[in-house]
Amino acid sequence: MTSSDPLSVLFAILRRDLILAFRSGGGWFYALFFFAVFTALAAIAFGPSLNALAIAAPATLWLAVALAIQFSASDLFENDLRDGSLRVIASEQTGLMTYWGAKVCVMSLTSVFPMVIASPFFLTMLGLSFTQGLGVSLILLIGVPSLIFIAVLTSALATGLRAGGLLAMVIAVPFSAPVLVFAVSATKALLAGFGIITPESLILGAISLFMAVLTPAFTVAALRVSLE
Amino acid sequence: MWSRFSNPAKFEAMARVIGPISLGVFLVTATVGLGLGLFYSPQDYQQGDAVRMMYVHVPAAWMAMGAYSFIAVMSLIAFVWRHTLADIAARSAALPGAVFTALALFTGAVWGKPTWGAWWVWDARLTSMLILLFTYFGYMAIWQSVPEQVRAARFARILALVGFINIPIIKFSVEWWNSLHQPASILRADGPTIHPTMLIPLLLMIIAYTALFTWLVVLEMRTSLMRQRIEKRAVRAPSRPVSAGMTDE
């Protein structure tokens, strides 16, 4: 490779993965579809009363988003490990940190971005108003990065293992707990009329930043182990 | 500085001393502590005899967190100094730690029924202990799902270390979450605020649980080392051609 500039490597991986996602049978669609199915099932389980649904809406939304992200990350590294490209990237000078950045961008663009766009529409189906839904999608933008970082880390830990997807779920549970706590309370605070900037949403943002600092090094270490 | 402990033969010699001593300490302190706690300590003025649950509950909760800290410290040593015995120590502490966590949750539920009127509440402490139990399960699952021990150890180190950073976050987040919904916690068992007649049996029970944990970990470590030796002997079996540079890790 002539250009070992980290940014150009990042864009090369990003471009390849986006093309793969859009040309190989709608890889970008799975997370959104899971999100839609989960929301519909939750609505059926809670019953048709819109008042009851509106109370359950914040928790339902965040559960749907967290599970969809976790599922869509489950085979994030599997193909690259199998066809050897992960090994090639690991031996490059730019290293795995760039690769991690590219994968986070891929996750954000293919699975998370569609969900954020779709969330106001689903929230109106759950009994909120559309403007409330728009506000909630802004809170999604604050909290979702931490869920992506966690999903990428657990997926890296489970890469190449038997029942890896299930194992990644088990490992992700303790990490997702604080995110869900503050995400749901920030959403509730917004719906109660306290606006987007509340202590809860600030802490949620802090968790996202903390995960952005904490997880890359551990993810890279886990990827190196999976190469051995 | 840790290399002194990495020699399995030296560990074996040390374990032969530490194991029986901790078993003895456990038997003595548990007998005295349970006797004092269950029969010779006063009743609580509010809880009556239910307070005696404290002597089995508090040490279990203490060990649940102590064992996880032990796993994290051992993983750090293994991560930094490539110390294989530390991996074995961390792995050996996982099952006792998970059992202590489950025991803390169970005895807490049994204690909660007469005092709070409920087996389970989504209190900050209970919730963070439950998540600690899940963390133990995740840690044990990763050891189970990687067949090669050397690789499994590397995955497990990473998981134990991130998990350790995660524990205080969970602790504070659920406390915060809980304070939004419920009035302050009811559970009060701070050491210095209780009378010596209750404190002494409690301290004895804490020593007993710690000694039990030490004995179990040392026992499990010796077993793992022996198992490794047996597996290596199988590799060295005469049906295979003996070559130089074998059985290295």
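Worth a mention:
- All of (1) in a helix (DSSP H, G or I); (2) surrounded by 19 or more Cβ atoms within 10 Å (Cβ to Cβ); (3) out of contact with any Ser or Thr (no Cβ under 8 Å at 6 or more places or on another chain) hold for A:Pro216 with one exception: (2).
- The number of residues in the stretch A:154-201 that are among the basic types (Lys, Arg) and within 21 Å of A:Gln70 (Cα to Cα) comes to 1.
- Options A:Ser185, A:Ser137, A:Ser119: the member that is of a type in the set (Gly, Ala, Ser) and within 14 Å of another protein chain (Cβ to nearest Cβ): A:Ser185
- Every condition in (1) in a helix (DSSP H, G or I); (2) modelled with pLDDT of 85 or more is met by A:Leu76 except one, and the failing one is (1).
- Any hit, the stretch A:141-158, residues being more than 9 Å from every other protein chain (Cβ to nearest Cβ) and surrounded by fewer than 20 Cβ atoms within 10 Å (Cβ to Cβ): yes
- As a summary of the residue check, A:Thr198 satisfies the conditions (1) of a type in the set (Ser, Thr, Tyr); (2) in contact with an Asp or Glu (Cβ under 7 Å, 6 or more places away or on another chain); (3) surrounded by fewer than 20 Cβ atoms within 10 Å (Cβ to Cβ) except for the one numbered (2).
- Of all residues in the stretch B:134-159, those being more than 14 Å from B:Thr84 (Cβ to Cβ), facing another protein chain (nearest Cβ under 9 Å) and hydrophobic (A, V, I, L, M, F, W, C) number 8.
- Check on A:Leu191, within 9 Å of chain B (Cβ to nearest Cβ) and modelled with pLDDT under 90: no
- Index of the failed condition, A:Pro174 passing every other in (1) under 15 Å from the mean Cα position of the chain (by Cα); (2) within 14 Å of chain B (Cβ to nearest Cβ): (1)
Here's the yes/no breakdown for (1) under 20 Å from A:Ala151 (Cβ atoms); (2) not aromatic (Phe, Trp, Tyr):
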residue	(1), (2)
A:Leu190	no, yes
A:Phe194	no, no
A:Glu200	no, yes
A:Leu209	yes, yes
A:Ala212	yes, yes
A:Thr215	yes, yes
A:Thr219	yes, yes
A:Arg224	yes, yes
A:Glu228	no, yes
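- The listed residues are B:Ser92, B:Ser128, and the only one of them that is over 28 Å from A:Ala212 (Cβ atoms), polar (S, T, N, Q) and assigned to a helix (DSSP H, G or I) turns out to be B:Ser92.
- Residue match in the stretch B:77-92 (condition: without any contact (Cβ under 8 Å) to a residue 60 or more places away in the chain and within 21 Å of B:Leu202 (Cα to Cα)): no
- Meets criteria (surrounded by fewer than 18 Cβ atoms within 10 Å (Cβ to Cβ), under 30 Å from B:Leu225 (Cβ atoms) and within 11 Å of the chain's Cα centre (by Cα)) for B:Ala102: yes
Results for (1) away from chain A (no Cβ under 14 Å); (2) surrounded by fewer than 19 Cβ atoms within 10 Å (Cβ to Cβ); (3) more than 13 Å from the chain's Cα centre (by Cα), shown as yes or no for each residue.
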position	(1), (2), (3)
B:Ala67	yes, no, no
B:Ala93	yes, no, no
B:Phe106	yes, yes, yes
B:Ala109	yes, yes, yes
B:Ile131	no, no, yes
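- Residue check for B:Val235: modelled with pLDDT of 90 or more and aliphatic (A, V, I, L, M): no
- Residues in the stretch A:104-131 that are touching a residue at least 40 places away in the same chain (Cβ under 8 Å) and in a loop (DSSP other than H, G, I, E, B): A:Leu126, A:Gly127, A:Leu128.
- Residue match in the stretch B:25-37 (condition: closer than 23 Å to B:Leu225 by Cβ, aromatic (Phe, Trp, Tyr) and surrounded by 20 or more Cβ atoms within 10 Å (Cβ to Cβ)): yes
The values are calculated or read from the model by the stated rules, or taken from the named source; none is laboratory data. None of the values given here were measured: they were computed from a predicted structure. Here the Cβ is made from the backbone with ideal geometry for all residues, glycine too, and neighbour counts use every protein chain on show.
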